[in-house]
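Peer 1: Structure below; questions to follow.
The values are calculated or read from the model by the stated rules, or taken from the named source; none is laboratory data. Since this is a predicted model, take the numbers as computed values, not measurements. Using ideal geometry, Cβ is built from the backbone for each residue, glycine included, and neighbour counts are taken over all protein chains shown.
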Amino acid sequence: MPRLPLPRIRPSQITAERYFRMRRDLLTTALGLATAAAIPAAQAAEALPQGAPLVYTRNPKYSVTEKANSFEEITNYNNFYEFGTDKADPAANAGSLRTRPWTVTIAGEAAKTGKFAIEDILSPHPLEERIYRHRCVEAWSMVIPWVGFPLADLLRRFQPTSRAKYVQFTTLLDPKQMPGQRPMILGGAMLDWPYVEGLRIDEAMHPLAFMVVGVYGRVLPNQNGAPLRVHLPWKYGFKSAKSIVEIRFTEHQPANTWARSAPGEYGFYANVNPQVDHPRWSQATERHIGGGFFAARQPTLMFNGYADQVAGLYQGLDLRRYF
Ligand SMILES: Nc1nc2c(c(=O)[nH]1)N[C@H]1C(S)=C(S)[C@@H](COP(=O)(O)O)O[C@H]1N2
Ligand SMILES: [Mo]
């Protein structure tokens, strides 16, 4: 039986203040924690080159058994409008994104807020691999072996207050590094930058909500959202913000970029739902990337196949209205 790499320390068991003052090795000895599966110090602290191997444990409980897409497919067919609107643009243009040094601001309705080095964001979290379905609103899909850790474990460390009803994620804003953010080129005028996304706090705390730092056991390539992106496997891909620089706890539903650009087409919830069509195309089926151009489309599953796990989050919610 593979051991589940669940955190052996709850963030609530240590005060965040103590945590942030301590070096990760100090933390290890002072609290006697096993860090076998946590990101080794060198792993977290250095400017990890893309493709560097990560230490992780596979998590079968949260993995599908379908065959994963190839590394080439996962890293060459992307949506990351900051680097262009064509599926091949992010692989061609994202290489120059600098992912170290990198800071993440924690803001809003939480006891612990501030600006943190990515090393401090990552170091307490043991990494696990989860094979997740990934369904884009444009009706294509993949199966991806991500490496990361539960989003809930990260959020709890900052002690959200009772007013924290939502979480907003913000992507880096840097037109120098992100050509798609410059007006007039690569469709840069299309969206409001920076890219923002949001979740209800109970969605963000759901055990499936995953903070991703790698794929196929290696540091995430920039085009997939390095150094830090979320993945919500039961939602359309656009909910999963890439290259995150801010996480904000809010009392009110935060804006999200695609809904802002076309509110009739993209909603806040964006749960994968074969019964609710996009106004311009059906969501009943999807094209599996790698299946070949003439391969039969496959049926799209309610909540992307995760209904058993997430349907309870939406009891009593009209999914046609809250699409
Ligand atoms: N910052 C940012 N995040 C983003 C996007 C984007 O354009 N910018 N595209 C979204 C969409 S539409 C999808 S389908 C997924 C694609 O993730 P992948 O390229 O790793 O498959 O990223 C999402 N996150
Ligand atoms: Mo998407």
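Peer 1: Please pick out the residue among Leu186, Leu191 that is of a type outside the set (Gly, Ala, Ser), assigned to a loop (DSSP other than H, G, I, E, B), within 11 Å of ligand 1 (Cβ to nearest atom) and at pLDDT below 95.
Peer 2: So the residue among Leu186, Leu191 that is of a type outside the set (Gly, Ala, Ser), assigned to a loop (DSSP other than H, G, I, E, B), within 11 Å of ligand 1 (Cβ to nearest atom) and at pLDDT below 95 is Leu191.
Peer 1: Run down Thr105, Thr65, Thr99 and say which single residue is modelled with pLDDT of 95 or more, part of a strand (DSSP E or B) and of a type in the set (Ser, Thr, Tyr).
Peer 2: Exactly one residue qualifies, and that residue is Thr105.
Peer 1: Please go through the stretch 232-253 and pick out each residue that is away from ligand 1 (no atom under 12 Å from the Cβ) and buried (at least 21 other Cβ atoms within 10 Å of the Cβ).
Peer 2: Trp234, Ile247, Phe249
Peer 1: So which of Ser243, Ser282 ends up being away from ligand 2 (no atom under 15 Å from the Cβ) and on the phi > 0 side of the Ramachandran plot?
Peer 2: Within the list Ser243, Ser282, the selection yields Ser243.
Peer 1: Restricting to the stretch 130-148, what's the tally of residues that are assigned to a strand (DSSP E or B) and either among the small types (Gly, Ala, Ser) or more than 15 Å from ligand 2 (Cβ to nearest atom) (or both)?
Peer 2: Residues that pass the stated criteria total 8.
Peer 1: For the stretch 268-288, which positions are buried (at least 20 other Cβ atoms within 10 Å of the Cβ), assigned to a loop (DSSP other than H, G, I, E, B) and out of contact with any Pro (no Cβ under 9 Å at 6 or more places or on another chain)?
Peer 2: If the condition is that a residue be buried (at least 20 other Cβ atoms within 10 Å of the Cβ), assigned to a loop (DSSP other than H, G, I, E, B) and out of contact with any Pro (no Cβ under 9 Å at 6 or more places or on another chain), then Tyr269, Ala270, Asn273 are the ones that fit.
Peer 1: Taking into account only those residues within the stretch 80-90 that are in contact (Cβ under 8 Å) with a residue 12 or more places away in the chain and either of a type in the set (Val, Ile, Thr) or surrounded by fewer than 21 Cβ atoms within 10 Å (Cβ to Cβ) (or both), which is nearest to ligand 2 (Cβ to nearest atom)?
Peer 2: In this case the residue turns out to be Thr85.
Peer 1: Could you list, in sequence order, the residues of the stretch 48-94 that are of a type in the set (A, V, I, L, M, F, W, C), in contact with a Gly (Cβ under 8 Å, 6 or more places away or on another chain) and more than 10 Å from ligand 1 (Cβ to nearest atom)?
Peer 2: Within the stretch 48-94, Leu54, Val64, Ala92 qualify.
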